[in-house]
1. For a test of the definition: using alpha carbon positions, the gyration tensor, and the 1.5 limit on a/c, classify segment 67-126 as rounded, prolate or oblate.
2. If I fit a long axis through the Cα atoms of helix 107-124 and take the longest principal axis of the Cα atoms of the chain, what angle between them do I get, 0 to 90°, rounded to 10?
3. Could you work out [θ]222 nm for the chain from helices alone, using -39500 (n - 2.57) per DSSP H run of at least four and dividing by all its residues? Round to the nearest 500 deg cm²/dmol.
4. Can you tell me which of 68, 108, 116 moves the most in a GNM of the chain? Springs connect C-alpha atoms under 10 Å apart.
5. Return one number: the angle in degrees, 0 to 90 and rounded to the nearest 10, between the long axis of the Cα atoms of helix 69-96 and the longest principal axis of the Cα atoms of the chain.
6. Angle between the Cα long axis of helix 39-60 and the longest principal axis of the chain, 0 to 90 degrees, nearest 10?
7. Given a Förster distance of 41 Å, report the FRET efficiency between residue 20 and residue 68 from their Cβ-Cβ distance, rounded to the nearest 0.05.
8. Cut-off 10 angstrom, C-alpha nodes, Gaussian network model of the chain. Which of 40, 93, 71 fluctuates the most?
């Protein structure tokens, strides 16, 4: 049971760390993008970016973190929700401090990013 919990936490941490780095990257690149993008185009971009980083993560972690198929499916459902909630909390924290909040700082975009990352890992990890 502890092994499954350890693997679940590992998968969550992988997605959360990647999302936080992406969020920090967007904050550092905000000046060239003053006009807010179309929400549908932004959603498509986050999905593509999440899938690309999911593929890149396979080079570092080619194996599944979860040992069995049932737990992998549960992880595919639970981890993006948890990552989306984390990004929403991070966005709320930034808003309270008066800092700029990007789309990935909302649950729906954070969830979409994490889901596309998780789907690539689910499909292609060994």
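Every read-out reported here was derived from the displayed coordinates using simple, explicitly stated rules and does not represent laboratory data. The structure displayed is predicted, hence computed values, not measured ones. In this analysis, Cβ positions are derived from the backbone assuming ideal geometry, glycine residues included, and neighbour counts consider all displayed protein chains.
1. Values: a/c = 4.15, a/b = 2.72, b/c = 1.52.
Taking the square roots of the gyration eigenvalues as a ≥ b ≥ c, segment 67-126 is prolate.
2. Roughly 30 degrees, rounded to the nearest 10.
3. Roughly -26500 deg cm²/dmol at 222 nm, from the helical runs in the chain.
4. Result: 68 has the largest fluctuation of those listed.
5. With rounding to tens, the tilt is 20 degrees.
6. Orientation of helix 39-60: about 40 degrees from the principal axis.
7. Working: r = 29 Å, r/R0 = 0.70.
Computed FRET efficiency for residue 20 and residue 68: 0.90.
8. Maximum fluctuation in the GNM of the chain, among the listed residues, is at 40.
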